[in-house]
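To keep things clear, I will list the structure first and then write my remarks on it.
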Amino acid sequence: MPICFDLDGTLGHFSSGFVLLRQALGDIWGQAPTQDELTLCKGSTDWEIVDDLHRMRFGRDLDESGYAVYEKACLSHFQRAFAPGVWEAEAFGGVLEGMHCLARRWPVWLVSGNAPAVLTFKAEKLGVDPAIPRLGSLPRHDRAALLKRALRDCPGPHLYVGDRPHDLEAARRTGLPFIGVGNAVPGEHQSVPSDAAAERLVAAVEASLEPGW
Ligand SMILES: [Mg+2]
């Protein structure tokens with residue numbers, strides 16, 4: 001398992017992400033899902049959310065080709081919304097710097113609920129080193145399944161950094177130590193503010209790793 005980082009709310013912030021998701025589905029389906037429908041979705045990854053919305057709209061599961069169409073449309077909305085001179089993403093500079101420091105010592109991955117092409121776009125906007133692998137939302141994978149996939153063939157160390165209770169829950173289900181960014185994940189784990197300096201994140205990771213790392 002690499003040291004895995006969620007993206008949204010953990011490394012930075014892209015405003016109106018769910019608005020863009022709904023607009024993308026509106027392009028494809030002719031009418032955007034409502035905010036109430038979105039609220040009924042249970043998962044935290046794009047696949048889970050779009051699959052839920054698809055079932056509400058059409059009464060059947062999403063398939064891979066439908067997800068690929070969504071991914072393309074969603075990427076296009078993000079590219080337009082976050083083009084130069086339009087909206088600006090907010091990067092959490094200290095957390096990003098800390099992640100890059102950690103990547104010089106240990107394997108580090110991005111594991112995020114964004115569809116893969118959207119994750120690649122957002123990571124680039126935030127200035128994430130292209131050498132850090134990205135694992136975005138895949139069909140029939142919840143967040144814990146994505147973490148388990150990142151775990152394959154990697155000796156460790158084992159850890160997940162995220163900003164939401166669903167990140168903590170996925171870490172628990174995968175058996176990983178967890179570090180929270182921001183104050184939206186109460187619990188006994190280590191936490192750092194989103195404006196923390198790099199050194200603080202690195203210290204929190206070192207304190208959370210199993211002995212021997
Ligand atoms: Mg997040």
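Any read-out appearing in this document is the output of simple, stated calculations on the displayed coordinates, not a laboratory observation. Only a predicted model underlies this, so the values are computations on that prediction, with no experimental measurement involved. Please note: Cβ atoms are built from the backbone with ideal geometry, for glycine as well, and neighbour counts cover all protein chains shown.
Please sort by residue number the GluC sites (Glu not before Pro) in the range 148-213 whose DSSP state is loop and whose Cβ has at most 14 other Cβ atoms within 10 Å. In loop regions of the range 148-213 (DSSP not H, G, I, E or B), the sparsely surrounded GluC sites (Glu not before Pro) are Glu188.
Hey, got the dipole for the chain? About the Cα centre, +1 on K and R Cβ, -1 on D and E Cβ, debye to the nearest 20? Please report the intermediate quantities before stating the final value.
Numbers: 21 positive and 28 negative charges, 73 e Å.
Taking the Cα centre of the chain as origin, the dipole is about 340 debye.
The relative contact order of the chain comes to 28 percent, based on Cα pairs under 8 Å that sit 6 or more residues apart.
For Glu90 and Glu64 in one chain, what is 0.36 nm times their gap in residues minus the Cα-Cα distance, to one decimal in nm? Display every interim value, and only then the final one.
Working: separation 26, 0.36 × 26 = 9.36 nm, distance 3.14 nm.
Fully extending the segment from Glu90 to Glu64 adds 6.2 nm.
Which residues make up the longest stretch of the chain clear of trypsin sites (Lys or Arg not before Pro) that lie in a DSSP loop with no more than 14 other Cβ atoms within 10 Å, not counting the sites? Segment 153-213 is the longest.
Which whole-number percentage describes the relative contact order of the range 17-81, with Cα contacts under 8 Å and a sequence gap of 6 or more? For the range 17-81, the relative contact order is 35 percent.
Compared with the alpha-carbon gap, the fully stretched path from Glu124 to His100 is longer by 7.3 nm at 0.36 nm per residue.
Could you give the dipole magnitude of the range 109-213 about its Cα centre, charging the beta-carbon of Lys and Arg +1 and that of Asp and Glu -1, in debye to the nearest 20? Don't jump to the answer; show the numbers that get you there.
Working: 12 positive and 12 negative charges, 103 e Å.
Computed about the Cα centre, the dipole is about 500 debye.
Under a Cβ-Cβ cut-off of 10 Å, what is the net charge of the residues other than Phe92 that fall near it, where Lys and Arg count +1 and Asp and Glu count -1? Surrounding charge for Phe92 is -4.
What is the dipole size for the range 17-81, taken about its Cα centre, with +1 at each Lys and Arg Cβ and -1 at each Asp and Glu Cβ, in debye to the nearest 20? Mind showing how you got there, number by number?
Values: 7 positive and 11 negative charges, 43 e Å.
The calculation lands at about 200 debye.
Full extension of the chain segment joining Arg173 with Thr39 gains 45.9 nm, where the gain is 0.36 nm per residue of separation less the Cα-Cα distance. Considering only Leu11, Leu20, Leu176, the mean-square fluctuation computed in a Gaussian network model of the chain, springs between alpha carbons under 10 angstrom, is largest for Leu20. Projecting label points 7 angstrom from Cα along Cα→Cβ for Trp29 and Met56 puts them 0.7 nm apart.
If a/c stays under 1.5 just call it rounded; otherwise compare a/b with b/c (prolate if a/b is bigger, oblate if not). Do that for the range 106-213, with a ≥ b ≥ c from the square roots of the Cα gyration tensor eigenvalues. The partial results should precede the final answer.
Working: a/c = 1.36, a/b = 1.22, b/c = 1.11.
It comes out rounded by the Cα gyration axes.
Backbone amide hydrogens, once placed in the peptide plane, bring Val161 within less than 5 Å of Cys4, Phe5, Asp6, Ile179, excluding anything fewer than 5 places away on its chain.
From least to most packed, judged by other beta carbons within 10 angstrom and beginning with the fewest, Trp87, Trp29, Trp47 follow the order Trp87, Trp29, Trp47. Neighbour counts of other Cβ atoms within 10 Å put Thr174, Thr34, Thr10 in the fewest-to-most order Thr34, Thr174, Thr10.
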